[in-house]
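**Q** This structure is in structure tokens; I'll ask about it shortly.
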Amino acid sequence: MSYKRIVITQFGEPDVMQLVEEPNLPEPKDNEVRIKVLYTSANFTDIMIRKGMYPEVKEKPPFSPGYDMVGIVDKTGDKVEQFQEGDVVADMPVIGAYSEYICLPEKQLIPVPAEVNPNEAVSLILSYTTAYQLLYREAKVKPAQKILVHGAGGAVGQAMLELGKLSGLEMYGTASASKHNLVSKHGATPIDYQEKDFAEQLKAKGISDFDAVFDPIGGTNFKNSFGLLRKGGKLVAYGFYKAVMGHGGSIPADFMKLQLWNLLPNGRKAGFYSIGALRKKYPEWFREDLSTLFDILKDKKIKPLIGDIMPLSKAVEAHTIIEKKQNKGKIILQL
């Protein structure tokens, strides 16, 4: 039986992704299951991988991208004990999910509750787990603390504001004017980063001394974010958007700055968060946190904002929309 998948032919722009048909299904090894993928998603992380700028991916083209997925167990390997055919499962394989079928180790898989819609479940794997771990694993925020979220109109930013509202945080978020309504609906104060420097705007209003600032932008943004912290506050960087998009900044230089600032004797902290690195170090945290998020979703305390559901064949279009910042919500790819 044949199946389709997206393949990156070389590192580059969206059109390096091609839809190909493989003649035979992959076969699971002893401790693996084969999954019929239902949904994956288009993430900025997938764009970094497609450009060859994601340090945790060492593979060279051709390979299939796809950071997260939800699917149905289709076949089990000989030594699989936890899952059986028909189970709905989730995972974050980092690459490979832009495929109708994928084989993954059973120890990585997390059951998806029957009460949870699979296309909402896939929205939680990368974006919401990142947001949850940024807030509670990295910054260790407490109720009523004050935070600043950069990219607050994006998938991770929206998830952070939604979770932060549940925790009673005082929140501010930078976003373009067109996404201010998304920021405000979670009780956060929107800051238009395109109008004027965000740090100047906040200081002019007498707003500073943040307990935590979350910054995926990089470049000069890191410095300005660090300057808004109170003594004892923490800057948590988790991306290098400017460098990836060619808008200034350098990934090695930006990372070095964070390390140096963390050594300064001013009582402030800086650190870099990577969901993949944290999962490798503490795999039980990823399972625990995603399972917690599934329960929160099941209880209807959160509602992932899905901007569009597109067929896998439109992966090029999905990546283009994200790079142009035209998406309002998560773009889900349906298989």
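Each reported figure results from applying straightforward, stated rules to the coordinates on display, with no laboratory input. Quantities reported herein were computed from a predicted structural model and do not represent experimental measurements. Positions of Cβ are generated from backbone atoms using ideal geometry, with glycine treated the same way; all protein chains shown enter the neighbour counts.
**Q** Take region 138-201, drop everything but the C-alpha atoms, weight them equally and run the Debye formula without solvent; then report log10 I(q)/I(0) at 0.17, 0.18, 0.22, 0.29 Å⁻¹ to two decimals.
**A** Log10 of I(q)/I(0), two decimals: -0.50, -0.56, -0.81, -1.25.
**Q** Using modelled amide H (1.01 Å from N, peptide plane; none on Pro or chain starts), what sits under 5 Å from the amide H of Val213, excluding residues fewer than 5 places away?
**A** So Val213 has HN proximity to Leu148, Lys234, Leu235, Val236.
**Q** Modelling each spin label as a point 7 Å along the Cα-to-Cβ direction, I'd like the Leu260/Met53 distance in nm, to one decimal.
**A** 2.2 nm
**Q** What's the exposure ranking of Ile296, Ile217, going from fewest to most Cβ atoms within 10 Å?
**A** Working: Ile296 17, Ile217 26.
With the sparsest Cβ surroundings first, the list reads Ile296, Ile217.
**Q** Taking only Cα atoms and a 10 Å spring cutoff, compute GNM fluctuations for the chain and point out the largest among Met69, Met160, Met245.
**A** Answer for the Gaussian network model of the chain: Met245.
**Q** Using only DSSP helix segments of four residues or longer, with each worth -39500 (n - 2.57), what per-residue ellipticity at 222 nm results for the chain after dividing by its residue count and rounding to 500? Let's see the in-between values first.
**A** Working: 12 runs with 96 residues, N = 335.
Taken over the chain, the calculation gives -7500 deg cm²/dmol.
**Q** Now a separate question. How do the peptides 93-104, 284-295, 229-240 rank, highest first, by the average count of neighbouring beta carbon atoms within 10 Å per residue? Spell out each step's value before the answer.
**A** Details: 93-104: 22.8, 284-295: 17.6, 229-240: 20.6.
The packing order, highest mean first, is 93-104, 229-240, 284-295.
**Q** Let me ask you something else. Can you give the local net charge around Asn327? Use residues other than it whose beta-carbon is closer than 14 angstrom to its beta-carbon, Lys and Arg +1, Asp and Glu -1.
**A** Numbers: positive: Lys179, Lys314, Lys324, Lys325, Lys328, Lys330; negative: Asp46, Asp308, Glu317, Glu323.
So the environment of Asn327 carries a net charge of +2.
**Q** Assigning unit charges at the beta carbon (Lys, Arg +1; Asp, Glu -1) and nothing else, what dipole magnitude in debye, to the nearest 20, does region 126-276 show about its Cα centre?
**A** Numbers: 18 positive and 11 negative charges, 75 e Å.
So the magnitude is around 360 debye.
**Q** What distance in nm lies between label points placed 7 Å from Cα along the C-beta direction at Lys107 and Ser313?
**A** Output for this residue pair reads 4.0 nm.
**Q** Expressed in whole Å with the largest first, what are the equivalent ellipsoid semi-axes of the chain derived from the C-alpha gyration tensor as the square root of 5 times each eigenvalue?
**A** Working: eigenvalues 235, 90, 69 Å².
Semi-axes, largest first: 34, 21, 19 Å.
**Q** Kindly give Rg over Rh for region 126-276, based on alpha-carbon atoms, with the Kirkwood expression for the hydrodynamic radius.
**A** Working: Rg = 14.0 Å, Rh = 15.1 Å.
Result for region 126-276 is an Rg/Rh of 0.93.
**Q** Another question, then. Compute the label zone of Glu288 within region 116-152: residues whose backbone N is under 19 Å from the point 7 Å along Cα-to-Cβ.
**A** Within reach of a label on Glu288, which here means backbone N under 19 Å from a point 7 Å along Cα→Cβ, region 116-152 contributes 125-126, 128-143.
**Q** Give the shape of region 41-146 as rounded, prolate or oblate, defined through the alpha-carbon gyration tensor: a ≥ b ≥ c are the square roots of its eigenvalues, a/c under 1.5 means rounded, and otherwise the shape is prolate if a/b is larger than b/c and oblate if not. Write down the numbers at each step before the final one.
**A** Working: a/c = 2.09, a/b = 1.20, b/c = 1.74.
It comes out oblate by the Cα gyration axes.
**Q** Please work out the FRET efficiency for the pair Lys325 and Ile251, using the Cβ-Cβ distance as r and a Förster radius of 35 Å; give the result to the nearest 0.05.
**A** Rounded to the nearest 0.05, the efficiency is 0.95.
**Q** While we're looking at this one, here's another question. Using 18 Å as the Cα-Cα cut-off, could you pick out the over-long pairs in Lys280/Lys301; Lys36/Lys75; Lys300/Lys325?
**A** On the way: Lys280/Lys301 29 Å; Lys36/Lys75 9 Å; Lys300/Lys325 28 Å.
Checking Cα-Cα distances, Lys280/Lys301; Lys300/Lys325 exceed 18 Å.
**Q** Further question: Between Ser2 and Gln334, with labels modelled 7 Å along Cα→Cβ, what's the label distance in nm to one decimal, could you check?
**A** 2.3 nm
**Q** Would you work out if region 238-335 is rounded, prolate or oblate? Take a ≥ b ≥ c from the square roots of the eigenvalues of the alpha-carbon gyration tensor; rounded if a/c is under 1.5, else prolate when a/b is larger than b/c, oblate otherwise. Kindly include the intermediate steps, with their values, before the conclusion.
**A** Values: a/c = 2.41, a/b = 1.31, b/c = 1.84.
It is oblate, given that a/c is not under 1.5 and a/b is not larger than b/c.
**Q** Tell me, what is the FRET efficiency for Thr189 and Phe83 to the nearest 0.05, using R0 = 41 angstrom and their Cβ-Cβ distance as r? Could you put the intermediate results ahead of the total?
**A** Values: r = 45 Å, r/R0 = 1.09.
Given R0 = 41 Å and the Cβ-Cβ separation, E is 0.35.
**Q** Next question, about the same structure. Quick one: grab the alpha carbon gyration tensor of region 165-233, order the square roots of its eigenvalues as a ≥ b ≥ c, and give me rounded if a/c is under 1.5, else prolate or oblate depending on whether a/b is larger than b/c. Please report the intermediate quantities before stating the final value.
**A** Details: a/c = 1.60, a/b = 1.13, b/c = 1.42.
Oblate shape, in that a/c is at least 1.5 and b/c is the bigger or equal ratio.
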